[in-house]
Amino acid sequence: MVFNSYYFLFLFLPVTLAGWYLFNKMQKFRLAQVFLIAVSLWFYGYANPAYLPLLLISAGGNFLISKGMAVLEKGRGNGLLFGAGLIFNLGLLFYFKYYDFFVENLNAALHTDFNLKNIVLPLGISFYTFSQIAFLTDRFRREREHEGLLDYLTFVTFFPYLISGPIAFHWEIIPQFQDRERRKFHGESFARGMVRFTLGLGKKVLLADTLAKAVNFAFSNSAGLDMAGAVAAAVFYSFELYLDFSGYCDMAAGIAQMLGITIPENFMSPYKSASVKEFWRRWHMTLGRFLTRYVYIPLGGSRKGKVRTIVNTMVVFLVSGIWHGANWTFVLWGCLHGAAVSVNSLYAGFKNKSAGKEDTKEKEAQSREKKGKITLRISQAATFLFVCLAFVFFRADSVSQGFEILKAMVTPGLNGSLTAMAQVMEPVEIYIITKALSMVLPGLIPVVDVAVMALITVICIVVLAGKRAQLIAQEATLTSRFTWGLVIILVWSVLSFSGVSTFLYFNF
């Protein structure tokens, strides 16, 4: 089930909200959690019930391993259980996400002919697996206590973040379900959750899905792209991916807030970053904190010299690339970002060293202010350029296709591919205009399409440069004018559901 569907908006969500608050109003708190687990399983299994047992096996297995740790407390048995838990989680992830990729490359390298299983990727397996690995790791470190079955299942299956993140930690979610005050209906908090959901829905349906038409056309016809078409494809995909994923996260956060729960933030205006390192402090932040806490720091972080720091950074970004998908394009994308972050770190270290023994933390905090606006804008533009180029491989079907598009970006010449992209991207809202032009001035239709494409691009830039949906929802004065604006976005989005696409991160 997806958020941007009639079924979700007009049946699932009202039933869920009504049932949750009704049971809590009756002080049937455990029944309320059972109800929430049940509707979350309904949400997850709506499209493909076959993977419901996998989710339950994953959650049940991790719960039993944690229970075993609670019994053993300390000693070798605890470590063996933790190791078994890692094998269990990574084994499930490997089989369902990477088995075919591994066998395909094994066949290519050794000239074998092992059969592929053509496994359909279960929704959300990367997200709920990482959340549970974090849970077991914290249990092994004895940083957290074992949780009750009801609380644990509520945490794992909570539908707002279940299938496409953000990656939540048990210690920031379970205590909220245990807080009876959060079970009460709070009108203003509920309203602000609705605001955030609506803004996220608009980002996803009105902008990301519109951009997706041009992007899909471009990457399906990559051999015929000219310079303008290739550049537009890269930029539009960067916009689409952010608006799609951050829009989903805004909707997830808004729904959770309507239920009285706060989930972690996943984005903080990443395209305003002035370096690739800063980009990763703003982009997919819950994945970043997971990799930092459970991969980078255990490897030694930056405490063991420059070479080791670079190696650890590259390992983290290699894991990040592989986590996103079973394709060499994701591996290359991860390595590109790892190399860029390493260069950023080395450059920052060189600057701090050359500054002597002054307070480098204070200097780092002030460095951005000391930069002139022009220098800052150049840094932001260079960072965005790198991110766009790297995202070409993230979107490409193969490494060779990625290089094909990069080559087209620097090859002079125009063949009309940008106009073709604009035509495919044409919103249904201007159908009457283009239909009328086709009868009187058909030659103007490409001009109108390109102009509309330019307008959509400007709107995207304004959205990306403006306030985050989180801040708008928190700080906005809920005036009638603001409310009517939200109503327009909501109605417009709902009317656009017929052209709906799935969320991009369902694929990861």
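The values are calculated or read from the model by the stated rules, or taken from the named source; none is laboratory data. Nothing here was measured: the structure is a model prediction, and the numbers come from that model. All Cβ positions, even for glycine, are placed from backbone atoms using ideal geometry, and neighbour counts span all protein chains on display. Surface areas here come from the heavy atoms of the whole protein model, side chains and all, with no ligands, DNA or RNA. Shrake-Rupley method; radii C 1.70, N 1.55, O 1.52, S 1.80 Å.
Scan the range 383-392 and give yes if some residue there is open to solvent by 40 Å² or more (accessible area, probe 1.4 Å), of a type in the set (Phe, Trp, Tyr), modelled with pLDDT under 90 and closer than 24 Å to residue 203 by Cα, otherwise no. No, there is no match, as no residue in the range 383-392 is open to solvent by 40 Å² or more (accessible area, probe 1.4 Å), of a type in the set (Phe, Trp, Tyr), modelled with pLDDT under 90 and closer than 24 Å to residue 203 by Cα.
For the criterion of being more than 14 Å from residue 156 (Cα to Cα), surrounded by 14 or more Cβ atoms within 10 Å (Cβ to Cβ), touching a helix residue (DSSP H, G or I) at 6+ places or on another chain (Cβ under 8 Å) and without any contact (Cβ under 8 Å) to a residue 24 or more places away in the chain, residue 85 fails.
When we screen 269, 220, 189 for residues that are at negative phi, among the hydroxyl-bearing types (Ser, Thr, Tyr) and in contact (Cβ under 8 Å) with a residue 24 or more places away in the chain, the only hit is 189. Checking every residue in the range 30-48 against the condition of being under 23 Å from residue 136 (Cβ atoms), assigned to a helix (DSSP H, G or I) and either open to solvent by 30 Å² or more (accessible area, probe 1.4 Å) or touching a Pro at 6+ places or on another chain (Cβ under 8 Å) (or both) gives at least one match.
For the range 12-29, a residue qualifies if it is open to solvent by 70 Å² or more (accessible area, probe 1.4 Å) and either under 14 Å from residue 123 (Cβ atoms) or in a helix (DSSP H, G or I) (or both), and the qualifying residues are 22, 25.
Annotation: residue 281 fulfils all but one of (1) within 30 Å of residue 191 (Cα to Cα); (2) open to solvent by 40 Å² or more (accessible area, probe 1.4 Å); (3) in contact (Cβ under 8 Å) with a residue 60 or more places away in the chain; the unmet one is (3). Counting the residues of the range 1-11 that are assigned to a loop (DSSP other than H, G, I, E, B) and open to solvent by 20 Å² or more (accessible area, probe 1.4 Å) gives 2.
Only one entry in 96, 82 is under 16 Å from residue 134 (Cα atoms) and within 31 Å of the chain's Cα centre (by Cα), namely 82. Would you confirm whether or not the range 50-57 contains a residue that is open to solvent by 10 Å² or more (accessible area, probe 1.4 Å) and either farther than 24 Å from residue 89 by Cβ or over 29 Å from the mean Cα position of the chain (by Cα) (or both)? No: zero hits.
Taking first residues from the range 374-403 that are in a helix (DSSP H, G or I) and partners that are open to solvent by 70 Å² or more (accessible area, probe 1.4 Å), the Cβ contacts under 6 Å between residues at least 6 apart in sequence or on separate chains come to 399/328.
Name every residue in the range 243-277 that is hydroxyl-bearing (Ser, Thr, Tyr) and open to solvent by 20 Å² or more (accessible area, probe 1.4 Å), in order of residue number. Correct list: 262, 271, 275.
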